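Undergrad: The structure that follows is given in the form of structure tokens.
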Amino acid sequence: MSELSPLTIETVKATIPVLREYGDTITAKMYDILFENYPETKSMFSSAPDEQPKVLAGAVSAYAMNIDNLDALSDAVGKMASTHVRTSVKPEHYPMVGESLLAAMTEVLGDAATPEILDSWGEAFFFLGDILIAKEKELYAQT
Ligand code: HEM
């Protein structure tokens, strides 16, 4: 598996305090943008929509904190992948969520969302996305 660049790791870690403060706002905005641009994804989300931003923000923060120690996330990855398979998440959904996440960061953080931060988060999102997609492929093959 290819690795994240040291600059990406450093940049993602540097944004942890920002995520602590704005994570819920960014993820709430991300769902607004996702459902507006890709309404077909809306029905995939069933339970407690108010809780979803916190869950995703928590996952993203945990990821940022462990970005140089991804083994620590394997239980979390297994849980996310099995929920995703249960809700029929497919590889083609990842670019929709990634694009919506970066658009939400831009909207919420304004000028603080520098091109460097957005590039690093884009790279980090798809890196985690590829790990999830691979795990989900395994689980789909078993069902
Ligand atoms: C790197 C990207 C992603 C991360 C970090 C992530 C994270 C999570 C987490 C932590 C959960 C809760 C799992 C649990 O506790 O059971 C979850 C659930 C879910 N995710 Fe993702 N996810 C990602 C990508 C996606 C994509 C691309 C979609 C497709 C639109 C998606 C749709 C869902 C759905 C439908 C649920 C269940 C929500 C519900 O029960 O209402 N996720 N995700």
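The values are calculated or read from the model by the stated rules, or taken from the named source; none is laboratory data. Since this is a predicted model, take the numbers as computed values, not measurements. Positions of Cβ are generated from backbone atoms using ideal geometry, with glycine treated the same way; all protein chains shown enter the neighbour counts.
Undergrad: Scan Ser120, Ser74, Ser82 and give me the residue that is without any contact (Cβ under 8 Å) to a residue 40 or more places away in the chain, farther than 23 Å from Asp32 by Cβ and not charged (D, E, K, R).
TA: Ser74
Undergrad: Select from the range 107-122 the residues that are surrounded by fewer than 18 Cβ atoms within 10 Å (Cβ to Cβ), closer than 13 Å to Thr15 by Cβ and not hydrophobic (A, V, I, L, M, F, W, C) and list them in ascending order.
TA: Within the range 107-122, Thr114, Glu116, Asp119, Gly122 qualify.
For (1) buried (at least 17 other Cβ atoms within 10 Å of the Cβ); (2) under 17 Å from Thr11 (Cα atoms), each residue gets a yes or a no:
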| position | (1), (2) |
| --- | --- |
| Lys90 | no, no |
| Pro95 | no, no |
| Met105 | yes, yes |
| Phe126 | no, yes |
| Ile133 | yes, no |
| Gln142 | no, no |
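Undergrad: While we're on this one: Name every residue in the range 51-84 that is in contact with a Leu (Cβ under 8 Å, 6 or more places away or on another chain) and not aromatic (Phe, Trp, Tyr), in order of residue number.
TA: Ala57, Val60, Ser61, Ala62, Ala64, Asn66, Ile67, Val77, Met80, Ala81, Ser82, His84
Undergrad: So which residues in the range 34-49 are without any contact (Cβ under 8 Å) to a residue 40 or more places away in the chain and either out of contact with any Phe, Trp or Tyr (no Cβ under 8 Å at 6 or more places or on another chain) or not in a helix (DSSP H, G or I) (or both), if there are any at all?
TA: The answer is Phe35, Glu36, Pro39, Glu40, Ser43, Ser47, Ala48, Pro49.
Undergrad: What pairs can you find where one residue is in the range 90-117 and touching a residue at least 12 places away in the same chain (Cβ under 8 Å) and among the polar types (S, T, N, Q), the other is in a helix (DSSP H, G or I) and surrounded by fewer than 17 Cβ atoms within 10 Å (Cβ to Cβ), and their Cβ atoms are less than 9 Å apart, with a gap of 6+ or different chains?
TA: Sorted first by the residue in the range 90-117, then by its partner, the pairs are Ser100/Asp32; Ser100/Phe35; Ser100/Glu36; Ser100/Asn37.
Undergrad: Let me spell it out: the conditions are (1) more than 14 Å from the ligand (Cβ to nearest atom); (2) modelled with pLDDT of 90 or more, and Ile33 meets all of them except one. Which number is the exception?
TA: (1)
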